[in-house]
Amino acid sequence: MKPIAPIRQPISAALLLAIPTSDPAKLVRQLARTPPLQRRKPTYQVVDAVYHDTPEQRLHQQHITWRTQRVDGDEPVQWRQFLHVEKRENATLRRYEEWTSPIRSSTPEMGVLQSSTGSRIDPDGTAFRTLAPCFSTRTERTSWSIHQRDGSLIDVVLNVGHLSAGGQTVPVFELELVLLAGHPAALFEVAQKISRTLAVLPTPTSSAERGLALARGTLDAPLKALPVALKKDVSLAFAAGCMLNEMLGQFIANLYALCTSEDPEVVHQARVGWRRFKSAVRLFRPALPVESLPSWEPLEPLLGFLGTLRDLDVALTETLPRLNEAYTAGDIGREETWAAMTQAMQQAAHLQRKSVRYALQAPEVGTVLLETLRWIEGLLVTTEAEEPLGKKLVALRPWARHRVGRLHKQLTAAAKDIGHLESQHRIRILAKRMRYSTESLQTFLPKMRAERWHQQAACLQATLGFTRDTIRASALAAEVGTDPRLVEFLRGAAAGQQTRDATQKNRKNLKSYTCRIEPY
């Protein structure tokens, strides 16, 4: 029997939304009540899917997903395979092509795809011969179709179920908006309307990527900063959009991981992502349409909870362990006092983590993040050689050198005065901004100088950071009702560290971090 020719789907755009909840019971009803989906009839399916790759994950490395799936209840059982090729680019939306064809079982069949994209992906068939199941999903899929007056056609698909790999199972709560016709802006419009009544987070991570992470044992691992590949002749606005997209993605990915992760590093990387993002907005501000940038005020409660949680984590894992022996000195009574303080701060951290998760349930958080993502998309839809309307075309390389050089001068001037806590705090903030700026713009800066400035900024930040952390730890200890004598000890340790930071010798060392390199 001649194989059925695979059906090629045109390039689609999709917006993925994670739902920060552990209770799926009301999700379908809540979603059905949102303005875009009211009075629209949904369709329901139970879908089993198996995802395949080579032991080396060759398909994943090429941004390819090969899955086989069936719809539960179909008689006779009908398996189909889907070859999903993502167009990886600096963009806020996911764009992909897809080929699909019927098959006999859950095992992929290369023959039906040989005449299409399969021959380009695996010309000699070596990858196909080593394909094996990596993970599977079983989801209840609820779908709505939205026809808008502007001609846009969008499928809204809610997947609720579980994902299994390596003997482990995790829940799936995912909302996908797929643009079948029309302008990509329609995806953001529908998503924002949904987000006003249902808590969602725009996520850079698909179910396929989460499945592979579960198989590797890295699901919900902290996401650190990733390099952004850019040509050296791109426009300033396009470069800013690419970098801001990566930074916001780091922030959001770690926020979602926080829904289940207890790892203090996830909290840290969420805050790093947000600080990098704000620092980059400030860095690129003269070239950005900031008048259309949404207000971040609705994020303030969440950011405040994150800050306090990070302070507690730092106190428990870094600051207090350094001071333990100096206080207890083998005295049983002091050891008991220290243990009581530690237990109280651990309980405070536990409650603070709950506060973070509760804050993520606020619909306005997802709405602001979607608005910000849409603003970034506006920077990226300009061609790589253009600037947004009303902005003068600027060469990126000289601009980067000028901006980072200006920041270097500010840091140099600030480092001349470190004799009091306020100036030390300003130096530390400037050092962070310098570090983030050199990381983001390293492609456009002289390599050796950028590396030195980055290292110097990191040294400044670390040198002054312990003093700030000790002061904060003493305040937190007082807040949880620690023995006043122990609180006074911590305050004394902080005062002593601050004095050491302000000594003439240390002042010279701090100055040398910035003064021995001439400006650009």
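Since every read-out is calculated from the coordinates, none of them should be taken as a lab result. This structure is a prediction, so every number in the text was calculated from the model and none was measured. For neighbour counting, all protein chains shown are included, and Cβ atoms are generated from backbone atoms with ideal geometry for every residue, glycine included.
At-a-glance table
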quantity	calculated
Cα-Cα over 27 Å, subset of K278/K447; K26/K354; K224/K447; K26/K193; K41/K87; K26/K87	K41/K87; K26/K87
Positive-end residue, the chain charge dipole about Cα centroid, Cβ charges, pick of A165, F188, V272	V272
Alpha-carbon Debye profile of the chain, log10 I(q)/I(0) at 0.05, 0.06, 0.09 Å⁻¹	-0.25, -0.36, -0.78
Distant alpha-carbon pairs in region 219-338 (separation over 24 angstrom), percent	45 percent
Whole-number Å³ per residue for the convex hull built on Cα positions in region 191-242	145 Å³
Estimated FRET transfer efficiency (Q38, L226; beta-carbon r; R0 35 Å; 0.05)	0.35
Cα centroid separation, region 49-75 to region 287-320 (Å)	38 Å
Likely footprinting exposure, Y327, Y51, Y358, fewest C-beta neighbours within 10 Å first	Y358, Y327, Y51
Given charges at beta-carbon only (K, R positive; D, E negative), |dipole| of the chain in Debye	1780 debye
Rounded to the nearest 20 debye, dipole of region 7-219 from Cβ charges on Lys, Arg, Asp, Glu	580 debye
Length added when fully stretched, A495-H63, from 0.36 nm per residue minus Cα-Cα	150.2 nm
Ranked list, fewest to most other Cβ atoms within 10 Å of each Cβ, for Y44, Y96	Y44, Y96
Fraction of alpha-carbon pairs over 21 Å apart in region 143-295 - percent	58 percent
Ratio of the Cα radius of gyration of region 7-219 to 2.2 N^0.38 Å, where N counts its residues	1.03
Sum of -39500 (n - 2.57) over DSSP H runs of 4+, divided by residues of the chain (222 nm, nearest 500)	-16000 deg cm²/dmol
Dipole magnitude of region 221-298 about its Cα centre (Cβ charges: Lys, Arg +1; Asp, Glu -1), debye to nearest 20	340 debye
Given charges at Cβ of Lys, Arg, Asp, Glu: region 230-394 dipole, positive-most of F305, L351, A239	A239
